[in-house]
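Reading through the structure tokens given below for one structure.
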Amino acid sequence: MDLLPRSPGEFGSARYWDRFFRQRGQRPFEWYGAFPELCPVLHKYVRPRDKVLVVGCGNSELSEQMYDMGMCEDITNIDISDIVIHQMQERSGSKRPKMSYLVMDMLQMDFPDAQFQVVLDKGTLDAILTDEEEATLAKVDKMFAEIGRVLQVGGRYLCVSLAQAHVLKKAVEYFSQEGWVVRVHQVASTGDKQQFVLPIFIYVMTKFRKILSSAPQILEICPEKQEKPMRVESTEQLVAAVKDRQHYALLCSQLSKVPCGEQVSLDLCDRESGRPRYTLHVVDSPSVKPSQDNHFAIFIIPQGRETEWLFGMEEGRKQLATSAGFRRLITVALHREQHYESMAGIQAELSAKVMELAPPGLPARQQVPFLSAGGDIGVRTVRHCDTSPLSGEYVVEDVKGDGTCYFRRLIFLRNRNVVQSEARLLPSMPPQGQKKRRKDKKKPSPAEPPAAIDKSYLCCEHHKAMVAGLCLLGGPDPLPGDKALLVVGLGGGSLPLFIHDYFSQAHVAVVEIDPFMLEVATRWFGFSQGDRMQVHVSDGLDYVAKLATEGTILQTHYDAVMFDVDSKDLMVGMSCPPPAFVEKPFLQKVKTILKPEGVFVLNLVCRDARLKESVLATLREVFPLLYARHIEGEVNEILFCQPSPEGRQDTTELRARAQALEGALQQPGRPWDSSYILADVLQAVKIL
């Protein structure tokens, strides 16, 4: 039996609907939305004494169920199909005497003005607005005008819809321009098998007298199971919010049927602010053998640890899921702009939502465990936040690491999962400060002096490798003496500070393009300038180019040049350095300012394999001697480039020189961290 129309236009044809209902017979036909799902929303807007008009009623049971449940009895149902109206009169006439069925075209109704308190539409608008052709839009305008005419002021037009973007946009724009209040409810699923994967929505358009054309629009969305509506600023925002919920429904449907081949990421937003509150990653591990209780688990990442490789990188999360022994693991990262009371509070907040992402085959009523590292939600205190014209929004925050150590971090919010700079805090002050702030829940004052920085400690593995590369400077003395170093890229200042303190005769020049970063390093990371440390606020490209020009006259040459510069362009597959820093003409300028026995150390962070190979090829053209040291668990690769091939050393020689350098650095009264094994750093060097 073919009940589908030959063209979308037939949805507005009485002949088509007569044929449809004649062939279908007495069996009720529901487009979507069972009464138990719709009832909670309808109860809010339909009162027992209301006069209700149902447009395009068909043979749906919705009016009958509303009548029988006592929601409302004065219900008038209209449809253009004489066949279906006759069927419904026979089915309902004697049982429901206060409800009527009339053959009528909703585009030209016979009712007087302001006759009804409620107009109810279940799928009729969706059936008519099949495209955005001029004739279709004109028909919809007539429909809306008639609905507006027969509704009283304060009356509600309730439209049950799948909320296709063009349908929602048309309805919202029309009624908001008329001065009506527009609210969109997402209908909560009852948990039964649904005919449609996409969620159902009810548009609630409340009629108000139009006073001024310039009056602000009132647009709201009310997600499922949420009492308080959320205000949005524009039709575009409302359509986008609905799209987000539709995409989420499709995702949940997909995840409930098959394991995900790739990790899925999604944000759950705060209801009040609309800003991300949780970031979830769904990680499936098909290699884990199924058992009765290892189907599904949730892992809460402690605050401040979301940037660690195990939690912040795809490979790390795979390893975490496998080692945890669950076939599906959801990792949950907590956002720094949000407040979290406790692990129990987070569990209560997430329990229902994460179950929507449960894997196929999860036994009914199985307890899903919440896991965490250390059993708590971690500690994070935002010390300072600001916006730089060059670097964008950034924060300085103190976090508790794995164990009892506290760390201070600089984060650029355009790339919030990457730690730009990090320093270890001396152990006495931070824990006490954290306890006080957690008790009174007050944010730290911007004027509060920073806790003491442990300048002897390098947090970043790539900084350790860059320091180890200084043993390539050669000479009989394992500790290079009166050396001149140029560091491009200040950040929090950890790298130049360490070199300044441990290479006690070295003179360090630092180039930083962003004056905000110099202020951050000085105020929050213990950085200071002096006779042997000078910062030049300048573009590194311009500064090096100027040195290369003047160097031939002034004989300015450096023993080491270090690049640790982030790229501001996130669209490039290389986040460090910016592409201009590894172009051949500029690298030749770098070579010009190096001494023949000097070393150029470059922190390279490149995810694009082709681009990376191109950078390495360019470096080989300029520097005849090139060593590479990959940082395990990170994308960083440290490149040691020398202008003369005569300094070539094998890994055994490099290890010996690194051991000698390390021994020279460990002087009485100067602390040295046991994790700095420079020989091991250079043992893994690859000669390119």
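The values are calculated or read from the model by the stated rules, or taken from the named source; none is laboratory data. Nothing here was measured: the structure is a model prediction, and the numbers come from that model. As a convention, Cβ positions derive from the backbone with ideal geometry for all residues, glycine included, and neighbour counts pool all protein chains shown. All accessible areas refer to the heavy atoms of the entire protein, side chains included, with ligands and DNA or RNA removed. Shrake-Rupley method; radii C 1.70, N 1.55, O 1.52, S 1.80 Å.
With respect to the cross-link table entries Lys455/Lys483; Lys44/Lys139; Lys546/Lys591; Lys169/Lys353, which display a Cα-Cα separation exceeding 25 Å? Numbers along the way, then the final one.
Numbers: Lys455/Lys483 21 Å; Lys44/Lys139 30 Å; Lys546/Lys591 13 Å; Lys169/Lys353 28 Å.
Listed pairs above 25 Å: Lys44/Lys139; Lys169/Lys353.
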Express in nm, to one decimal, how much length is gained between Ser538 and Ala364 on full extension, taking 0.36 nm for each residue of separation and deducting their alpha carbon distance.
56.4 nm
Run the simple label-point estimate for Asp386 and Thr618 please: 7 Å along Cα→C-beta, distance reported in nm.
3.2
How far is it, in nm, from the label point at Arg47 to the one at Ala135 when both lie 7 Å from their Cα along the line to the Cβ?
4.3
Karplus-derived HN-Hα couplings along the stretch 306-314 (A = 6.51, B = -1.76, C = 1.60, θ = phi - 60°), whole Hz, x at Gly and Pro
5, 8, 5, 4, 5, 10, x, 10, 4
18 Å Cα-Cα reach of Lys170 towards aspartates and glutamates, excluding residues that sit fewer than 8 places from it in its own chain
Asp121, Asp126, Asp131, Glu132, Glu133, Glu134, Asp141, Glu146, Glu178, Glu220, Glu233, Glu236
Quick check: the distance between the Cα centres of the stretch 59-129 and the stretch 511-525, to the nearest angstrom?
70
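Which entries of Lys98/Lys228; Lys318/Lys464; Lys318/Lys584 have Cα-Cα distances beyond 30 Å here? Mind dumping the intermediate values first?
Details: Lys98/Lys228 34 Å; Lys318/Lys464 27 Å; Lys318/Lys584 38 Å.
From Lys98/Lys228; Lys318/Lys464; Lys318/Lys584, over 30 Å: Lys98/Lys228; Lys318/Lys584.
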Output wanted: per-residue J couplings in Hz (rounded whole) for the stretch 583-597, from phi through Karplus 6.51 cos²θ - 1.76 cosθ + 1.60, θ = phi - 60°, x for Gly and Pro.
7, 4, x, 6, 4, 5, 5, 4, 4, 5, 8, 8, 5, x, 9
Accessible area, 1.4 Å probe, largest first: how do Glu133, Glu613, Glu146 sort?
Glu133, Glu613, Glu146
Quick check on the stretch 52-144: take the gyration tensor over C-alpha atoms, sort the square-rooted eigenvalues as a ≥ b ≥ c, and tell me if it's rounded (a/c under 1.5), prolate or oblate.
prolate
So if I place +1 on the C-beta of Lys and Arg and -1 on the C-beta of Asp and Glu, and nothing else carries charge, what would the dipole magnitude of the stretch 380-425 be about its Cα centre? I want it in debye, nearest 20.
80
When the charge dipole of the stretch 259-398 is computed with +1 at the Cβ of Lys and Arg and -1 at the Cβ of Asp and Glu, the Cα pointing farthest to the positive end, of Gly274, Leu390, Leu320, is that of Leu320
Filter the trypsin sites (Lys or Arg not before Pro) in the stretch 311-399 to those in DSSP coil with at most 16 other Cβ atoms within 10 Å of their Cβ, and list the result.
Arg365
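Once neighbouring chains are kept in place and the probe is 1.4 Å, which whole percent of the accessible area of the stretch 380-425 is contributed by carbon and sulfur? It would help to have the intermediate numbers written out before the result.
Details: 820 of 1790 Å².
Ligands and nucleic acids excluded, carbon and sulfur reach 46 percent.
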Kirkwood-type radius of the stretch 380-425, with distances r between different C-alpha atoms, in Å
10.9
What residues have an amide H closer than 5 Å to that of Leu102, excluding those fewer than 5 places away on the same chain, when H is modeled at 1.01 Å from N in the peptide plane?
Asn77, Ile78, Asp79
FRET efficiency for Arg271 and Leu250 from the Cβ-Cβ distance with R0 = 25 Å, rounded to 0.05, comes out at 0.70
Using amide H atoms built in the peptide plane, which far-off residues or other-chain residues are under 5 Å from Val264 H to H?
Val282
Name the long-range amide H neighbours of Trp180: under 5 Å, sequence gap of 5 or more, or other chain; modelled H, no Pro or chain starts.
Phe208
With every protein chain left in place, what is the accessible area of Asp386 in Å² (1.4 Å probe, nearest 10)?
60
Whole-Hz ³J(HN,Hα) for each residue in the stretch 237-253, computed from phi via Karplus 6.51 cos²θ - 1.76 cosθ + 1.60 with θ = phi - 60°, x for glycine and proline: what do you get?
5, 5, 4, 5, 5, 5, 4, 4, 6, 5, 5, 5, 4, 5, 4, 4, 4
